[in-house]
Amino acid sequence: MRYIHPEKFARIVSHARNTNPYYARTIPQNGPVPILTRMLLKEHNFEILNGNEPNSHTSGATATHVKVFINEERRGLDMPFISSMVQHMGGVLPRMEIMYPRAENPPFFLTIFTPIPEQVSVLQQNYLERKSVAIITYPSNAVLLAQEIIDQKLDFGFMQRVGMISESLNEQQTALIKQAFPNARLWSSYSSTETGMISFQCPYQPEFHHAFTDKLGIEIVDDQDNECDIGQIGEIVLTDYTNRQMPLIRYKIGDLAAFAKCPCGKIPHPALENILGKVRGCLRHRDGRLIHFLKLSRAICDIPIVRQFQVIQHELERFTMKLVADRSAEKMIVAAFTEDFGYTPRIDFEWLTEIPRDPNGKFYASICHV
Ligand SMILES: [Zn+2]
């Protein structure tokens, strides 16, 4: 199954073949258009940039950082899509954004590096002064806020919406956020540095996301690069119809999802479910296949003495586990790895009081370097 707009796809393919040396070499006359993996993009990064000065780069959960050129047109396209979803939620509310600093920060903005107790007091103050009843931040920050609010026994019943972008979160984290913000609607979106907004959580059916297929061609493929059926989890392959400076055509971004049918009946965009991947993370089994971090992550979250953790895979069988937890967690974590992988890799433990964020302000629970 795939969502490709034939004319838009043909237009960007023809443009890329005619103007970009990488695509001129790799896309044969009359197709088929090959898949561009993240590894290929990294290897041929400057050729694909085609003389454009990169204005952003990917980072975080995978070893394959790439430099990208983001076209101006994209923001103009993403905003109406986001606004239409916000309308479905009941319109815009006065909000605080707690994110990585941008070139120009709006007055309702707080940098992600603000200490949590200070974030809490700014949120309270903004509610009193300007009736700010919504937050947009990263899930990892929402979890820390929730923990602080619960620990301090504060009343955040005034918060109506908590929007979470860029990272994914698991059920335990969602439960904690709901406990701290009992009256808030939680929402999330899925985006990437390379392509911008990819999908937005359905405001009516939270298990589903609606994909932004006006701007992106979306395919989901299996290990053999064959199209997956509806409901079958596979790798996401994106074609950006609008980035003519640095075309990304049939780009396998390194995330997993399945196509789905959202029962809301109110939003025409096709639906995705089970979006997993570099955000929530994948690790590599010693037999070479990628495995979702989801199961191991759940097992670790279930250990009550673990407050925060990060898994880094350096080699197939060598990991570092950073933990904010009691040291008695070690045995249970080793057991969780053995259960998930079917063997016991080497795990070096680092015991910390806080796990630092990535320099871009995000937090990755798993980082895979192989
Ligand atoms: Zn829906």
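The values are calculated or read from the model by the stated rules, or taken from the named source; none is laboratory data. Keep in mind that what you see is a predicted model, and the values were worked out from it rather than measured. Here the Cβ is made from the backbone with ideal geometry for all residues, glycine too, and neighbour counts use every protein chain on show.
Within segment 332-355, can one find any residue that is of a type in the set (A, V, I, L, M), part of a loop (DSSP other than H, G, I, E, B), loosely packed, with under 15 Cβ neighbours inside 10 Å and not assigned by TED's automatic domain parsing to the domain that holds residue 142?
yes
Looking only at helices (runs of 4 or more DSSP H) that lie completely in segment 6-120, which have at least 1 residues being within 23 Å of the chain's Cα centre (by Cα)?
Fully inside segment 6-120 and qualifying: 38-43, 45-49, 73-88.
Pick out the one residue from 100, 127, 138 that is within 23 Å of residue 187 (Cα to Cα) and in contact with a Gly (Cβ under 6 Å, 6 or more places away or on another chain).
100
How many residues are among the charged types (D, E, K, R) and more than 25 Å from residue 139 (Cα to Cα) if we restrict to segment 330-370?
5
Can you find, within segment 212-244, the residue that is surrounded by the fewest Cβ atoms within 10 Å (Cβ to Cβ) among those that are within 19 Å of residue 33 (Cβ to Cβ) and among the polar types (S, T, N, Q)?
Across segment 212-244, the extreme among qualifying residues is 224.
Test residue 119 against the stated conditions and say whether it is modelled with pLDDT of 85 or more and surrounded by 13 or more Cβ atoms within 10 Å (Cβ to Cβ).
Here the answer is yes, as residue 119 does meet what is asked.
Which condition does residue 250 not pass, out of (1) of a type in the set (D, E, K, R); (2) within 22 Å of residue 6 (Cβ to Cβ); (3) under 18 Å from the mean Cα position of the chain (by Cα), if it passes all the others?
So residue 250 meets the others, but not (3).
Within segment 204-220, work out how many residues are part of a strand (DSSP E or B) and within 20 Å of residue 266 (Cα to Cα).
Selection size over segment 204-220: 3.
Conditions (1) under 30 Å from residue 42 (Cα atoms); (2) away from the ligand (no atom under 16 Å from the Cβ), marked per residue:
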residue: 126; (1), (2): no, yes
residue: 133; (1), (2): no, yes
residue: 141; (1), (2): yes, yes
residue: 190; (1), (2): yes, no
residue: 200; (1), (2): yes, no
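Can you give me the number of residues within segment 221-240 that are closer than 19 Å to residue 194 by Cα, among the acidic types (Asp, Glu) and touching a residue at least 60 places away in the same chain (Cβ under 8 Å)?
Residues meeting the conditions: 1.
How about segment 221-246: which of its residues are within 16 Å of the ligand (Cβ to nearest atom) and not in a loop (DSSP other than H, G, I, E, B)?
Passing the criteria: none in range.
Looking at this structure, is residue 100 in contact (Cβ under 8 Å) with a residue 40 or more places away in the chain, among the hydroxyl-bearing types (Ser, Thr, Tyr) and either away from the ligand (no atom under 16 Å from the Cβ) or over 18 Å from residue 79 (Cβ atoms) (or both)?
Considered against the rule, which asks whether it is in contact (Cβ under 8 Å) with a residue 40 or more places away in the chain, among the hydroxyl-bearing types (Ser, Thr, Tyr) and either away from the ligand (no atom under 16 Å from the Cβ) or over 18 Å from residue 79 (Cβ atoms) (or both), residue 100 comes out as yes.
Between 35, 12, 48, 27, which is touching a residue at least 40 places away in the same chain (Cβ under 8 Å), out of contact with any Ser or Thr (no Cβ under 7 Å at 6 or more places or on another chain) and under 25 Å from residue 259 (Cβ atoms)?
Exactly one of 35, 12, 48, 27 is touching a residue at least 40 places away in the same chain (Cβ under 8 Å), out of contact with any Ser or Thr (no Cβ under 7 Å at 6 or more places or on another chain) and under 25 Å from residue 259 (Cβ atoms), namely 35.
Identify the residue in segment 202-220 that is away from the ligand (no atom under 13 Å from the Cβ) and touching a residue at least 40 places away in the same chain (Cβ under 8 Å) and, among all such residues, is farthest from residue 69 (Cα to Cα).
Per the stated criteria, the residue is 220.
Scan 147, 179 and give me the residue that is in contact with a helix residue (DSSP H, G or I) (Cβ under 8 Å, 6 or more places away or on another chain), of a type in the set (S, T, N, Q) and at pLDDT 95 or above.
So the residue among 147, 179 that is in contact with a helix residue (DSSP H, G or I) (Cβ under 8 Å, 6 or more places away or on another chain), of a type in the set (S, T, N, Q) and at pLDDT 95 or above is 179.
Is segment 69-80 home to any residue that is touching a helix residue (DSSP H, G or I) at 6+ places or on another chain (Cβ under 7 Å), under 30 Å from residue 21 (Cα atoms) and crowded, with 16+ Cβ neighbours inside 10 Å?
Yes, some residue in segment 69-80 is touching a helix residue (DSSP H, G or I) at 6+ places or on another chain (Cβ under 7 Å), under 30 Å from residue 21 (Cα atoms) and crowded, with 16+ Cβ neighbours inside 10 Å.
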